[in-house]
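Values quoted throughout were computed directly from the atomic coordinates according to the rules given, and no laboratory measurement underlies them. The shown structure was predicted, so the numbers you read here are calculated from the model rather than taken from an experiment. With ideal geometry, Cβ positions are generated from the backbone for all residues, glycine too; neighbour counts draw on all protein chains shown.
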Amino acid sequence: MTSPYGLHRVLDPAGVLPQQAHRLDATPVCGPDEVVVDVSRLNLDAASYRQLREQYGVDGVRRAVLDIVAARGKMQNPVTGSGGMLLGTVREVGPDSPLGLRVGDRIATLVSLTLTPLRLTDGLARWDGADEQVPCEGTAVLFGRSIAAVLPDDLPEQLALSVLDVCGAPALTDRVVRRRTAPSVLVLGGGGKSGSLSLAAARRAGASRLVALVPTEKEADAVRSAGLADSVVVADARDPLAVAAAVGTRVDVTVVCVDVPGCEHGAILATADGGTVVFFSMATSFPAAALGAEGLAADVEMLVGNGYVPGHAAFALDLLRAEPAVRALFEHRQTQQA
C-alpha cells in the first residue's frame, strides 16, 4: 500500500518520512498515486553545491554526487542536509495520482531532492562539475503530496529551472512585506538568484527602502545597473559588525539569501527591534540564529523559508517576465557558467 507522503519508499530507518530517511527505494515502478519521471537535469541547491565543490573540487564533485545518490536513493548532501530539484519528462502516472500531470509533460519538481527517490543511469557523463545544473539521465518518483510545475513554453528550460529552484523566496518575501506598511527591506545576497527575485518581489509589495548586500564590487555593479535596490552595499555577510556598518539604519525586514554559513548574526544586527528576519539559505544554523538573537537581546521575529507558498511557481515566473533586469541577471549568470 502506498502512502501520499512516500513512507512506503523508506528503506532505512523504518517509520520516518522520506526526507529524514537514510535510504529510499528508487525503483521506477509506479504506485497507484505516484508519478515516474525520466530525469534530464538536476539543479543542486547553492549551499550543497558550494560545499561539495569546496570539499572535492570540480574534478571530484561528479563522483561525490553519484556516490550519494547510489548510497541513499536520493540526492541529500550529508554535510548540508540539502539537495535541490530536478527537471524531466513524465513517464508514467498512477491512476490515483492527484498531481494533475500527464505522460509527456515536461516538469520541474518543486519538492526537494532530499525526499525524492532518484536513480542516475548515465554516470553524469555530460556534467563537468563546473556549476550546480547537472545534465543527466535517470528516473525519479513523485508521491501523492509532491509538487511539480509544468514548464512554461515561453522560457528556455534552464532559465525556468533556475527560477523554479528558488521560487519560494520571492513568494514569501512578498507575503512578509505586505504585512507591514511600506517597510524597509535588506536582502543579503541580493545579486544571486533568490536574492534578485526577492528584491523585485519586495519592491512590488510596497517596500519603501531596498538595500542589497553583496560580497564584491563586481556584483554590486551588476545589481546597481539592474536598478533592483535603492542602495547596494559591499560587505562579508559573515562579519556581523561589517554588515551592520554597511547597512546603517536598521531595516524592518531582512531576507537572507546567501549560500555560505555564518550569516545569522549579521542579519539580526541589521534588523530593527520588532522586525523580521527570513532565512532562505540552507547554510543557516538555526541554533546560531536563535541563540544569537537571545545573546544580542534582539527582539526580532525569525522565519524559516520552507520553499513552499501557494502559487509560488507562477509568482516567480511572472516576476521574471515582468522584470527585464532580473531576467538579465539570470541570463548573465548562466552565460558565466556556460
Relative contact order, percent, of the chain when contacts are C-alpha pairs under 8 Å separated by at least 6 residues?
-> 15
If every Lys and Arg gets +1 and every Asp and Glu gets -1 at its Cβ, then about the Cα centre the chain yields a dipole, in debye to the nearest 20, of 260
Taking the chain as the reference, fit the longest principal axis to its C-alpha atoms, fit the long axis of helix 168-178 to the helix C-alpha atoms, and give the angle between the two in degrees, 0 to 90, nearest 10.
-> 40
What Rg and what Dmax come out for segment 168-337 when only alpha-carbon atoms are used, in angstroms?
-> 14.5, 44
Cut-off under 5 Å, modelled amide H: who pairs with MET282 long-range = ALA47
Roughly how many nanometres apart are two label points built 7 Å out from the Cα toward the Cβ at HIS22 and VAL234?
-> 4.8
Average projected area [Cα convex hull, the chain], square nanometres | 16.4
Projected onto the charge dipole of the chain (unit charges on the beta-carbon of Lys, Arg, Asp and Glu, signs +1, +1, -1, -1), the Cα from GLY129, ALA297, VAL309 with the largest positive-side position is that of VAL309
Relative frequency of Cα-Cα separations exceeding 27 Å in segment 7-151, percent = 16
Give the order of TYR5, TYR49 when sorted by the count of other beta carbons within 10 angstrom, beginning with the fewest.
-> TYR5, TYR49
With runs of 4+ DSSP H residues as the only contributors, calculate the mean residue ellipticity of the chain at 222 nm using -39,500 (n - 2.57) per run, divided by the residue total and rounded to the nearest 500.
-> -11000 deg cm²/dmol
Candidates VAL90, VAL232, VAL16, ranked by Gaussian network fluctuation over the chain, Cα under 10 Å, top entry | VAL16
Using the alpha-carbon centroid of each, what span in Å lies between segment 322-336 and segment 63-127?
-> 26
In segment 77-230, what is the volume of the convex hull around the alpha carbon atoms, normalised per residue and reported in Å³?
-> 157
Rounded if a/c under 1.5, otherwise prolate or oblate - segment 120-164, Cα gyration tensor axes | oblate
Relative contact order for segment 168-337, counting Cα pairs under 8 Å that sit 6 or more residues apart, in percent | 23
Crossing angle, helix 286-295 versus the chain [Cα axis fit, 0-90 degrees, rounded to tens] = 20
Let me know the charge dipole size of segment 34-79 about its Cα centre in debye, to the nearest 20, where only the beta-carbon of Lys, Arg (+1) and Asp, Glu (-1) is charged.
-> 100
